[in-house]
Amino acid sequence: MSEDLTFTPMAETMLQHHFFTSQGLRLLGEAEFDELLLAFQLAVKAKSPVARIRLISAARNLRWQEYPELLGPLAKYASPECWDAIANPDVNTDAAMVVLHSMITRLEMMTTGPYRIEHDQSKNLLTYHPLIRRFIDHDRDIEFRPTEISTMKFPLKLREVTQVDSKASHAVQIADVMIGAALEMASNKSGLNAGGLNPDDVEQLYRVGQMTNMLPSLDFEEQKRFRKGTQSSEMIDYLAANIVDPNPSDV
């Protein structure tokens, strides 16, 4: 028997947005940070020389020294490598697949047997359905340890990912309510909003293993230690060659 799991697409991405916005406004300057976000979105979409100039100017006009490791290459050096990555026609700001992969990795560790996921309707995730199907169908016995606390093992225990109309699914409706509360909690804790639900009360509704995030860490030494001896690069190469590529090799 398979377990049924429900979730709201992009919930983790929205939580990340709260973090980046609160930290950006506080450290980089409100107007300057807003311009950086806009310039980046335009650069990713247009990929033009004019968009490149605007993005570099936006990075230089804010207090980029607060995040030199993150913004220095663009603001100080106008790094060609940074722009090459943005100008790549295959690069966009859709984080749906990144979030989904993170969620699947976590669920694979939490579940003890086969399971399927139901989620509310999402054009982003529908776009990735063939790729998700290749993840599910990949039957080679192999395991990776991308970080100190996570593993990725094939074949997956995940058997199916389906979209449902939230109006017809009580489980998805409950998931919507829960993520709405979680977003309000994150907004209150970050200082973006005040009032509403008590964030501490909301946090107590979740077990530790149920709250995942993709928030950045500025403790670079700790991040080096966290990833030392892991297999992130090997996993990325393997996924690129055997799953993302529709014509898998024998890597």
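Listed residues VAL44, VAL50; which is crowded, with 16+ Cβ neighbours inside 10 Å, over 25 Å from ALA171 (Cα atoms) and not assigned by TED's automatic domain parsing to the domain that holds VAL164? Spell out how you get there, then give the answer.
Numbers: VAL50 fails: crowded, with 16+ Cβ neighbours inside 10 Å.
So the residue among VAL44, VAL50 that is crowded, with 16+ Cβ neighbours inside 10 Å, over 25 Å from ALA171 (Cα atoms) and not assigned by TED's automatic domain parsing to the domain that holds VAL164 is VAL44.
Can you confirm whether LEU183 is under 18 Å from the mean Cα position of the chain (by Cα), touching a residue at least 40 places away in the same chain (Cβ under 8 Å) and surrounded by 16 or more Cβ atoms within 10 Å (Cβ to Cβ)?
Answer is yes for this residue.
Here are some conditions: (1) under 30 Å from SER166 (Cβ atoms); (2) under 22 Å from the mean Cα position of the chain (by Cα). PRO114 meets all but one. Which one does it not meet?
(2)
Quick one: VAL91 ticks every box in (1) in a loop (DSSP other than H, G, I, E, B); (2) at pLDDT 85 or above; (3) within 17 Å of the chain's Cα centre (by Cα); (4) not charged (D, E, K, R) bar one, so which box is it?
Exception for VAL91: condition (2).
Can you work out which of the residues in segment 156-170 that are surrounded by 14 or more Cβ atoms within 10 Å (Cβ to Cβ) and outside any strand (DSSP E or B) is farthest from the chain's Cα centre (by Cα)?
Taking the candidates together, the pick is SER169.
Any residue in segment 125-134 that is assigned by TED's automatic domain parsing to the domain that holds THR162, over 20 Å from LYS47 (Cβ atoms) and in contact with a Gly (Cβ under 9 Å, 6 or more places away or on another chain)?
The answer is no, given that none of the residues of segment 125-134 is assigned by TED's automatic domain parsing to the domain that holds THR162, over 20 Å from LYS47 (Cβ atoms) and in contact with a Gly (Cβ under 9 Å, 6 or more places away or on another chain).
Considering segment 96-124 alone, what residues qualify as being outside any helix (DSSP H, G or I) and out of contact with any strand residue (DSSP E or B) (no Cβ under 8 Å at 6 or more places or on another chain)?
The answer is THR112, and nothing else.
Output the residue which, of all residues in segment 94-111 that are over 30 Å from ALA43 (Cα atoms) and polar (S, T, N, Q), is farthest from the chain's Cα centre (by Cα).
Checking each candidate, the answer is THR111.
Report, ordered by the first and then the second residue, all pairs with beta carbons closer than 7 Å, sequence separation of six or more or different chains, a first member in segment 229-251 that is at pLDDT 85 or above, and a second member that is in a helix (DSSP H, G or I).
Cβ pairs passing all conditions: ILE243/ARG134; ILE243/PHE135.
May I ask you to list the residues in segment 53-104 that are of a type in the set (Ser, Thr, Tyr), surrounded by fewer than 16 Cβ atoms within 10 Å (Cβ to Cβ) and more than 30 Å from TYR115 (Cβ to Cβ)?
Across segment 53-104, the qualifying residues are SER57, TYR77, SER79.
Answer with yes or no whether GLU30 is outside the structural domain of ASP165 (by TED's automatic domain parsing) and more than 29 Å from PRO146 (Cβ to Cβ).
It is true that GLU30 is outside the structural domain of ASP165 (by TED's automatic domain parsing) and more than 29 Å from PRO146 (Cβ to Cβ).
The values are calculated or read from the model by the stated rules, or taken from the named source; none is laboratory data. This is a predicted model, so every value here is computed, not measured. With ideal geometry, Cβ positions are generated from the backbone for all residues, glycine too; neighbour counts draw on all protein chains shown.
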